[in-house]
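> After the structure tokens below, expect a handful of questions from me.
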Amino acid sequence: MPRARYYVVFVGREPGVYPDWEACKAQVDGFPGAVHRSYRSAAEAERAWVEAGGDPVPLDDEPSPAPPARVLAEGGPPPGSIAVDAACSGNPGPMEYRGVDIDTGHELFRVGPMAGTNNIGEFLAIVHGLAWLEARRRPGPLYSDSTIAIGWVARGTAKTTLARTASTEPAWELLTRAQRWLRQGRLHGIEIRKWPTRRWGEIPADFGRK
């Protein structure tokens with residue numbers, strides 16, 4: 001039988017669909033009452049997640065929609081794009097995120113470290129990036145390599161199980177502010193795109209800690 005490549009975490013640190021065992025293990029290892037299951041295909045995993053009440057979120061390693069022909073011809077994202085990413089030492093653990101101007105490689109903002117999870121960092125990075133673009137009336141687009149965080153932003157809420165404690169309060173305060181900002185509907189047409197890692201390599205905002 002072929003080895004299962006897709007996992008659904010039903011109960012864990014960050015419930016959701018994961019494309020490999022290491023990502024899944026980080027959510028369930030040592031988590032009391034963790035529940036997860038493996039599937040042979042992305043479609044099976046996604047169906048199980050949706051049937052369990054989760055929102056549809058495509059997996060990171062599934063093909064991304066093709067960018068415009070001009071982007072393909074230039075071999076990268078359009079001018080004016082920014083990229084965001086997060087890093088977390090452990091999950092949960094010290095988390096930070098940042099945004100980078102893709103054209104120049106210049107770091108636009110960096111926040112953290114603070115106690116949190118990687119998914120929370122990815123979510124906050126996207127919202128911070130959107131607010132940064134809006135404040136400067138730049139059209140974007142904004143790139144992220146996290147489909148989980150992109151899904152959270154689309155829903156306007158972070159579906160996290162991170163306990164709210166004294167150590168995680170700074171992250172929770174940012175989460176509250178980010179979700180309030182999204183509810184105000186101030187995106188002004190700024191597009192969020194999935195960074196196609198297989199085609200273009202690591203996202204420019206990557207912290208280089210893999």
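> So Asp55 fits all but one of (1) at pLDDT 75 or above; (2) in contact with a Lys or Arg (Cβ under 8 Å, 6 or more places away or on another chain); what number is the exception?
The single condition Asp55 does not satisfy is (1).
> Same structure again: Just one of (1) among the basic types (Lys, Arg); (2) surrounded by fewer than 21 Cβ atoms within 10 Å (Cβ to Cβ); (3) part of a strand (DSSP E or B) trips up Lys159, so point out which.
Of (1) among the basic types (Lys, Arg); (2) surrounded by fewer than 21 Cβ atoms within 10 Å (Cβ to Cβ); (3) part of a strand (DSSP E or B), only one is false for Lys159: (3).
> Moving on. Conditions first: (1) within 20 Å of Thr147 (Cα to Cα); (2) at pLDDT 85 or above. Arg13 passes all but one, so which condition is the exception?
The single condition Arg13 does not satisfy is (2).
> Checking Ile150 against (1) under 30 Å from Gly33 (Cβ atoms); (2) open to solvent by less than 50 Å² (accessible area, probe 1.4 Å); (3) part of a loop (DSSP other than H, G, I, E, B); (4) of a type in the set (A, V, I, L, M): exactly one of these is not met. Which one?
If we test Ile150 against (1) under 30 Å from Gly33 (Cβ atoms); (2) open to solvent by less than 50 Å² (accessible area, probe 1.4 Å); (3) part of a loop (DSSP other than H, G, I, E, B); (4) of a type in the set (A, V, I, L, M), just (3) comes out false.
> Moving on to the next point. Is it fair to say Thr165 is farther than 17 Å from Leu108 by Cβ and not in a helix (DSSP H, G or I)?
Yes; evaluated as a whole, the condition is true for this residue.
> Now, a different point. Can you name every residue in the stretch 118-147 that is closer than 30 Å to Pro32 by Cα and open to solvent by 20 Å² or more (accessible area, probe 1.4 Å)?
Result: Asn118, Asp145.
> Right, another one. If we keep just the residues of the stretch 23-50 that are assigned to a loop (DSSP other than H, G, I, E, B), of a type outside the set (Ser, Thr, Tyr) and touching a residue at least 12 places away in the same chain (Cβ under 8 Å), which is least open to solvent (accessible area, probe 1.4 Å)?
Ranking the qualifying residues of the stretch 23-50, first place goes to Ala34.
The values are calculated or read from the model by the stated rules, or taken from the named source; none is laboratory data. Source: prediction; values computed, not measured. No Cβ is skipped: glycine too gets one built from the backbone with ideal geometry, and neighbour counts run over all protein chains shown. These accessible areas exclude ligands, DNA and RNA; they are computed on the full protein's heavy atoms, side chains included. Shrake-Rupley method; radii C 1.70, N 1.55, O 1.52, S 1.80 Å.
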